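Taking it in order: structure first as structure tokens, then the write-up.
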Amino acid sequence: MFKSYASGFRILFLLIAISLCNPLFAAKKKKKAADEVVSLEESAKGETIKLPATNKKTYFYKVSPEILAGVEIGSPESLRAAMSAIRNAKGDYEENEKVLINISTEIMKYVWPSEKISWDTPNFSSDNIYLGAVYMAKQGVFDSSTGNVDFLSILLPSLVVLNPIASPSVLAQCELPIRSALAIRPESVLAQYLMAVLKDRNGSYSEACDYMEGVYKVCPTVEEVSLYYVDLLRKNGKYDKALGILGSVNGDSNDIRILKQNAYIAFEKKDYSSAELYVARVLQQAPNDLEFVLFRAKILIEKKDYIHAVSLLDMYARQDNTSLDYLILRARVQLDWSKNTAAATETVEKALQLYPNDKNALMFAARISSMTDSPVAGKYADELTSRILESDPENLEALTYALEGLVQRENWQEAYTICRKLVSAGTMTSELVEKYVTICIKTGKKQEAFDYVRKVYDANPSDEIIMQAYVLAYCQVGNRDSVLRYLDSQIASASPKMKSYLLYRRSYLQLTENNILADLRSSLISNPRNSDSLFRLYEIYYDKQDYRKAQYYLRQVVAINPNDSSVKKLNEALTKLIQ
């Protein structure tokens, strides 16, 4: 009789504990008929997992449903409550009870290592699909031999998402089982947590944050939960909320995990001085933390302290010279500080060889290609960014580089489509206005160019780049006399740079070669570095077959635009012609 009462008390205690730690416990989905097999279809991949029929006896069928539910929910509190309810003072557990206790111990150790294990774990050395799945997950392997006979056999192989060495192909096997587990028990904290980690590792930060929010509501005091939630909030740009949670995390101000999150958030907020202070405090405790050695170099690059950044990059490279972050930072230094385009190209090509689909590597390669009018890893800027735009079609940076590549390759119609998209998105820079006008003219939409730029110019009369775009469009739609009068009226009061451009434009309206040359020479007196005027003089003398004079002007264009490969090719061809 006493044992019966004690057993009833344990079950009642478990129910209360689970309901307190997980308010979602009572919100179970309606089950289908007992003899019906439920299947979950992943329509995108056409995969189907058969979920266990509810009328079939499973390995744990003799275990109290409430105890089993506590393990399946998998939060630290529900695990402790389940183990408290299953505890047997004599230690004479059934085999399935021993397995369940060992599973709970492994979950606590592997998923919630900061949490205290409050129960004794009996030895169990027999081969078992459940513990075997956990063991394989720790080795970075997804165990597909469990048979999917119940919730734990479906979910436990997906513990592999917590293993940092798990490959993308291994991770790809996890989403459907986790979804299947959530279909059986949507209130499972463990399944929600694993899905958050999986989404995070796949780059779906918003979805990961949504799953983690549910986990945090149930387990706000669990360190792994709160710190991981902070990390996901940061990745989603929710810095204030992340800092609020970070301030409530148990631990002192020198806790290295808290220091790291503060460093990341300060960096994302572009508070580089604070970020550097946090990084310094981390490195005081862990001077060999390579991640933060590299992070400090990244901060110094943002502060344009390239000398100290390079020494840190050299230090890091002695341990690892193939890290993606290292290669991107090294390429940035080579391009922005050393101005060594060839070296930067070689470095980013190595990054693309090792990480062909990485967004940051593709973006940096597109940046170099747009600067040099040359392919990087065999592709131009628009080709490189196409991979990014497939998954993120509204990415403005990628669209901007794609536009550069299309303009360089004179693919005017596609350039017009992307340019319109950027303009419609509200992106309004002087350079984009100038490109839009040029592209419209190249596609025969001269009046559209003029109508657009006139409105922009009226709103920004002091912006010289926009004024140049206006002049260009006006020269296309206005009659010669009216345009000449306008140019003449502006030349006298213009700045030297603007005056140079106006004279360059006026040269196209002159009717004699002497007047054309006079305007171009006057243009260069006002601005000797006007590459447009220099290139026009090259064209004039080249057409006259005065190749030495042509090269004199072309070499100056090369000096002003050293990264422009198309100009370099013209100069090389001209050199061969002269020889």
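The values are calculated or read from the model by the stated rules, or taken from the named source; none is laboratory data. What you see is a predicted model; the values in this text were computed from it and never measured. FYI the Cβ positions are ideal-geometry reconstructions off the backbone, even for glycines, and counts take in every protein chain you see. The protein model used for the area step is the full one, side chains on, heavy atoms only, and it has no ligands, DNA or RNA in it. Shrake-Rupley method; radii C 1.70, N 1.55, O 1.52, S 1.80 Å.
Structure notes:
- Selection within region 323-346 - at pLDDT 95 or above, open to solvent by 20 Å² or more (accessible area, probe 1.4 Å) and β-branched (Val, Ile, Thr): Ile328, Thr345
- Filter result (of a type in the set (Gly, Ala, Ser) and open to solvent by 10 Å² or more (accessible area, probe 1.4 Å)) within region 192-203: Gly203
- Hey, Ala559 surrounded by 18 or more Cβ atoms within 10 Å (Cβ to Cβ), part of a helix (DSSP H, G or I), among the hydrophobic types (A, V, I, L, M, F, W, C) and modelled with pLDDT of 90 or more or not: no
- Yes/no for Tyr538 being more than 30 Å from Asp451 (Cβ to Cβ), in a helix (DSSP H, G or I), among the hydroxyl-bearing types (Ser, Thr, Tyr) and open to solvent by 30 Å² or more (accessible area, probe 1.4 Å): no
- Pair list, Cβ under 8 Å, 6 or more apart: region 224-247 residue farther than 24 Å from Gly74 by Cα, other residue surrounded by fewer than 16 Cβ atoms within 10 Å (Cβ to Cβ): Arg234/Glu268; Asn236/Ser206; Gly237/Glu268; Tyr239/Glu268; Tyr239/Lys269
- Filtered residue count, region 433-462, keeping only those that are in a loop (DSSP other than H, G, I, E, B), modelled with pLDDT of 95 or more and touching a helix residue (DSSP H, G or I) at 6+ places or on another chain (Cβ under 7 Å): 1
- The combined condition, being open to solvent by less than 70 Å² (accessible area, probe 1.4 Å), over 25 Å from Ser430 (Cα atoms) and aliphatic (A, V, I, L, M), is not fulfilled by Ala473.
- Considering each residue of region 86-96 in turn, at least one proves to be in contact with a helix residue (DSSP H, G or I) (Cβ under 6 Å, 6 or more places away or on another chain), at pLDDT below 95 and farther than 30 Å from Pro168 by Cβ.
- Qualifying position, being over 30 Å from Leu574 (Cα atoms), surrounded by fewer than 18 Cβ atoms within 10 Å (Cβ to Cβ) and modelled with pLDDT of 95 or more, among Pro528, Pro496: Pro496
- Among the numbered conditions (1) among the β-branched types (Val, Ile, Thr); (2) open to solvent by 30 Å² or more (accessible area, probe 1.4 Å); (3) touching a residue at least 40 places away in the same chain (Cβ under 8 Å), the only one that Ile307 does not meet is (3).
- Selection within region 413-450 - touching a residue at least 12 places away in the same chain (Cβ under 8 Å) and among the acidic types (Asp, Glu): Glu414, Glu431, Glu434
- Selection within region 377-416 - within 22 Å of the chain's Cα centre (by Cα) and of a type in the set (Val, Ile, Thr): Thr385, Ile388, Thr400
- Test: residue in region 474-484 that is of a type outside the set (S, T, N, Q) and free of Cβ contacts under 8 Å to residues at least 24 places away in the same chain: yes
- Checking Arg367 against (1) surrounded by fewer than 23 Cβ atoms within 10 Å (Cβ to Cβ); (2) not in a loop (DSSP other than H, G, I, E, B), the condition it does not meet: (1)
- Looking across Lys56, Lys32, one residue alone is farther than 21 Å from Leu131 by Cα and at pLDDT below 50. It is Lys32.
- Test: Ala361 is crowded, with 23+ Cβ neighbours inside 10 Å, closer than 25 Å to Lys569 by Cα and not aromatic (Phe, Trp, Tyr): no
Yes or no, residue by residue, for (1) at positive phi; (2) open to solvent by less than 30 Å² (accessible area, probe 1.4 Å); (3) outside any helix (DSSP H, G or I):
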| position | (1), (2), (3) |
| --- | --- |
| Ser273 | no, no, no |
| Leu277 | no, no, no |
| Gln284 | no, no, no |
| Asn288 | no, no, yes |
| Phe292 | no, yes, no |
| Ile299 | no, yes, no |
| Tyr316 | no, yes, no |
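- Across region 204-215, the qualifying residues are those that are open to solvent by 20 Å² or more (accessible area, probe 1.4 Å) and free of Cβ contacts under 8 Å to residues at least 24 places away in the same chain, and the one among them that is nearest to Arg257 (Cα to Cα) is Glu213.
- Odd one out for Arg480 among (1) in contact with a Pro (Cβ under 9 Å, 6 or more places away or on another chain); (2) open to solvent by 60 Å² or more (accessible area, probe 1.4 Å): (1)
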